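Comments concern the structure below.
The values are calculated or read from the model by the stated rules, or taken from the named source; none is laboratory data. None of these values were measured; they are calculated from a predicted model. For neighbour counting, all protein chains shown are included, and Cβ atoms are generated from backbone atoms with ideal geometry for every residue, glycine included. Note: areas computed on protein heavy atoms with side chains; ligands, DNA, RNA excluded. Shrake-Rupley method; radii C 1.70, N 1.55, O 1.52, S 1.80 Å.
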Amino acid sequence: GGSGEVVAAWSIDNPLRTFKFHERSKELKRQLGREPDQLEGLHGSDPKNYISILGSGFRKDLRGPAVGQVFGRGEYFAKNPNVSVSYCRGGRYMLVCKLVLGWESSTAENTDGDHIWVPSNEYYVISEPEQVLPIFIIKFDSPRSYYGSELKDAQFEKVVAAGVWSTLQEWE
């Protein structure tokens, strides 16, 4: 659905985040009495944020007011890549994340459920970090990705240049 092109991709390996995601999925299955819905969403951000997200997950405390959270508390995941490009702040990377859905909130503030769908903007807002699992980093070229100069982060560029990144420590 995007007007750009994926030029590179890397898989993400974070065993702790994967474990927490699967535990939350099992908990939702018990609570819902069925398999929870799962889908993929795209998350764009300033490149300097990705190492923190990949290592520690998305922000834990989204209950207070946050800048730019027009459609309620949580993290935003688009179905259309063109929506996520603008959040990359001039960078050329975004995350592909697996999402698991429990109860949809009844209000735009996203306070009585764990997610909302915003059809006008084509994205989900997920309020529980354990319901999000980053699975890929993609590098893209898009005519919409450049708003002035390209943003870069030296630490993140070093990680993607190495071609491998994992939170799993090697056995000596």
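Quick one: Karplus J couplings for region 23-29, per residue in order, coefficients 6.51, -1.76, 1.60, θ = phi - 60°, nearest Hz, x for Gly and Pro?
5, 5, 4, 5, 4, 5, 4
Please give the charge dipole size of region 1-143, origin at the Cα centre, charges +1 on K and R Cβ atoms and -1 on D and E Cβ atoms. Round to the nearest 20 debye.
Dipole of region 1-143, to the nearest 20 debye: 320 debye.
Can you pull the accessible area of LYS29 for me, 1.4 Å probe, Å² to the nearest 10?
Solvent-accessible area, nearest 10 Å²: 90 Å².
Leaving ligands, DNA and RNA out of it, report the carbon-plus-sulfur percent of the accessible area of region 1-54 at a 1.4 Å probe.
Carbon plus sulfur share of accessible area: 47 percent.
Search the structure for amide H atoms under 5 Å from the amide H of ASP37, placed 1.01 Å from N in the peptide plane, and list their residues when 5 or more places away or on another chain.
Amide H to amide H, under 5 Å and 5 or more residues apart or across chains, ASP37 pairs with LEU101.
Read phi for every residue in region 83-98 and hand back ³J(HN,Hα) as whole Hz from Karplus 6.51 cos²θ - 1.76 cosθ + 1.60, θ = phi - 60°, with x for Gly and Pro.
For region 83-98, the Karplus curve yields 5, 6, 4, 5, 7, 6, 6, x, x, 10, 10, 8, 9, 9, 10, 8 Hz.
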